[in-house]
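Enquirer: Below are the structure tokens for one structure; questions will follow.
What follows draws every value from the coordinates through simple rules; no lab data is involved. Just so we're clear, the structure is a prediction, and the values are computed from it rather than from any experiment. For neighbour counting, all protein chains shown are included, and Cβ atoms are generated from backbone atoms with ideal geometry for every residue, glycine included.
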Amino acid sequence: MLDRDSCYRALLTRDVRFDGRFFTAVTSTGIYCRPVCPARPPKIEHCVFMPSAAAAQAAGFRPCLRCRPEAAPELAVWRGTSNTVARALRLIDEGALDDGNVEDLAGRLGVGGRHLRRLFDHHLGASPIVVAQTRRLLFAKSLIADTILPMTEVAMAAGYQSLRRFNDAMRRNWDRPPSALRREPKETQVLTTGVTLRLPFQAPFDWALLLGFIGPRAIPGVERVEGDIYRRTIALDGRHGAVEVRPIAGQNCLAATIRFPVVAALGTIVGRLKRQFDLDADVAAIDAQLAEDPVLAPLIAARPGLRVPGTWDPFELAIRAILGQQISVAAATNLAGRTAALYGEPLKLEDGGSAPDGLTHVFPTPAQLIAADPGLLRVPRSRAATIAGIAAAVAATPELLKPLRPLDEAVEGLCRLPGIGPWTAHYIAMRALREPDAFPSGDLGLRKAAATEEAGVPSIKALEARSQAWRPWRAYAAIHLWFSLSRTQGG
């Protein structure tokens, strides 16, 4: 619920902590803005506070050209009470409503269409269709403002089926043609290869700490951390590409340079990168709840803005988790690199540029790992059988690693696969399925980190009971606990 007086105070002070939490629709101008808009604040009687940009769009308001609502962080403040909405938004990001309808989307999530619409209306103030349309519209605006892509490619990347529909949408929402929305190109926008986009987030965000987790686990040949830069190979529908992500000094956003031959895939790639680096997390709300625990409070104070590191590809993460069972992080990383070199395809870039240093392969697909040879991989036969088993399961049911089911059901389904136990299932749910409440309570490192002088190291049952107060953010508690031991704990 949005408190009118609190929202107006945030608007008057341009409080960055509220950026992305609500939008201000101004009845006297017909425009909606972010709380940090530099324009003169309207009178409170002219303000209608909306929970999302989609809600403002649905009410007939136009996006502000000064504060650029498309550049606001997408905070998941509602995620704790509706993981169904979170899962639906991820599927929408992947194009679930481009060709399908709300009933199909609801069916994939195991709920009714009416119930899904009710959830969206309650948490976002707009229907799934309006949310999808607004995301398409605002993504197009960000491409116009931040890149030098031709308008035809902007339209394709944003998911418009024709240039005419794209032009109509731009004129209807900004009262001017798309070309009039483009700023003068800067030297930094002229790239020899790739498209660079801004990925906003809510501060604080400790990028160095996140790379401190990802770096030791980076799969040789597939991904690489160098200084404050993350690079990796990507593959979609058989086409190869590469991405580079780095922070932008003094700004609450990352810069992602994407090299991929299909411009229509830009939206999907951006969505994956945002999930990989957990950019939509409302760290203020998460940290405030977890800090009520006396063990977690000093950990959060020491590492504000810590995110749950995700993954580019859920299948890749699942294989990496299996390889990491009962061995060190370094050993598992070497095994993952050997797996990529043996079974993955050599990187083939189609833009004429050279491959980034150290990137040579894309990670193998499920079909390529079904017949994994334990001798070549240098793993026990039981481990190779687990890899082949999950590869066969995902090849047969691609939606096995998609966010379609509640956490308990997802973990139960993963545990049915040979060689997958509760720890691995929760780890996959945490990092691949992006479940904020996943919590591998059987992890010895978590139990040690949660120890107190009075009670000592808690049992699995005791840690599980204690973690109930951390819901729905137990995955964030786990990351804080792992980091309190060392940066290489946690699989």
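Enquirer: At 0.36 nm per residue, minus the direct Cα-Cα distance, what do Gln326 and Asp104 gain on full extension? Give it in nm, one decimal, please.
Expert: On the way: separation 222, 0.36 × 222 = 79.92 nm, distance 4.07 nm.
In short, 75.8 nm is gained.
Enquirer: Could you tell me which of Val26, Met50, Gly60 has its Cα farthest along the dipole of the stretch 4-71 towards the positive end, charges placed at Cβ (Lys, Arg +1; Asp, Glu -1), taken about the Cα centre?
Expert: Val26
Enquirer: Mind checking the angle between helix 422-431 and the chain's longest principal axis? C-alpha axes, 0 to 90 degrees, to the nearest 10.
Expert: Rounded to the nearest ten degrees, it is 30.
Enquirer: Please give the helix 4-13 orientation as an angle from the longest Cα principal axis of the chain, in degrees from 0 to 90, rounded to the nearest 10.
Expert: 90 degrees
Enquirer: Give the aspartates and glutamates reachable from Lys141 as a straight Cα distance under 15 Å; neighbours fewer than 8 places away on the same chain don't count.
Expert: Glu70, Glu153, Asp168, Asp175, Glu184
Enquirer: Evaluate the distance, in nm, between pseudo-label points positioned 7 Å from the Cα of Leu2 and of Arg114 along their respective Cα→Cβ axes.
Expert: Each label point lies 7 Å from its Cα, and together they span 2.8 nm.
Enquirer: Moving on to the next point. How about Lys461: which lysines have a C-alpha closer than 30 Å to its C-alpha, ignoring those fewer than 8 places off in the same chain?
Expert: Filter leaves Lys402, Lys448.
Enquirer: So for the stretch 4-71, what percent of the C-alpha to C-alpha distances run longer than 13 Å? Display every interim value, and only then the final one.
Expert: Numbers: 1243 of 2278 pairs.
Pairs farther apart than 13 Å: 55 percent.
Enquirer: Something else: Relative to the Cα centre, what is the charge dipole magnitude of the stretch 1-58, using +1 at the beta carbon of each Lys and Arg, -1 at the beta carbon of each Asp and Glu, and rounding to the nearest 20 debye?
Expert: Values: 8 positive and 5 negative charges, 28 e Å.
My answer is approximately 140 debye.
Enquirer: With Rg and the Kirkwood Rh both taken from Cα atoms, where does Rg over Rh land for the stretch 360-491?
Expert: Details: Rg = 16.7 Å, Rh = 16.3 Å.
My calculation of the ratio gives 1.02.
Enquirer: Quick check on the stretch 426-491: what does the Kirkwood estimate of hydrodynamic radius come out to from the alpha carbon pairs, in Å? Before the final figure, lay out the partial values.
Expert: Values: mean 1/r = 0.0847 Å⁻¹.
That comes to 11.8 Å for the stretch 426-491.
Enquirer: Expressed as a whole number of Å, what is the distance separating the alpha-carbon centroids of the stretch 422-470 and the stretch 57-116?
Expert: First find each Cα centre; the distance between them is then 30 Å.
Enquirer: By the 4.7 Å beta carbon criterion, which cysteine residues of the chain come out unpaired?
Expert: For the chain, the answer is Cys7, Cys47, Cys253, Cys415, because their Cβ atoms have no other cysteine Cβ under 4.7 Å.
Enquirer: Right, next: Could I get the Rg over Rh figure for the stretch 14-133? Both from C-alpha atoms, Rh via Kirkwood, rounded to two places.
Expert: Numbers: Rg = 15.0 Å, Rh = 15.0 Å.
Rounded to two decimals, Rg/Rh equals 1.00.
Enquirer: Need the full-extension length gain, Asp237 to Ala469, defined as separation in residues times 0.36 nm minus the C-alpha distance. One decimal, nm.
Expert: Values: separation 232, 0.36 × 232 = 83.52 nm, distance 4.20 nm.
Contour length minus Cα-Cα distance gives 79.3 nm.
Enquirer: Another one. Testing the spin-label approximation: label points 7 Å from Cα along Cα→Cβ at Gln368 and Thr29. State their distance in nm.
Expert: Inter-label distance under the simple model: 5.1 nm.
Enquirer: Okay, moving on. Quick one: dipole size for the chain, taken about the Cα centre, charges +1 on Lys/Arg Cβ and -1 on Asp/Glu Cβ, in debye to the nearest 20. Present the calculation step by step, with values, prior to reporting the outcome.
Expert: On the way: 60 positive and 49 negative charges, 121 e Å.
Computed about the Cα centre, the dipole is about 580 debye.
Enquirer: Two decimals is fine: what's Rg over Rh for the chain, C-alpha atoms, Kirkwood radius as Rh?
Expert: Numbers: Rg = 22.6 Å, Rh = 23.6 Å.
Using Cα coordinates only, the ratio equals 0.96.
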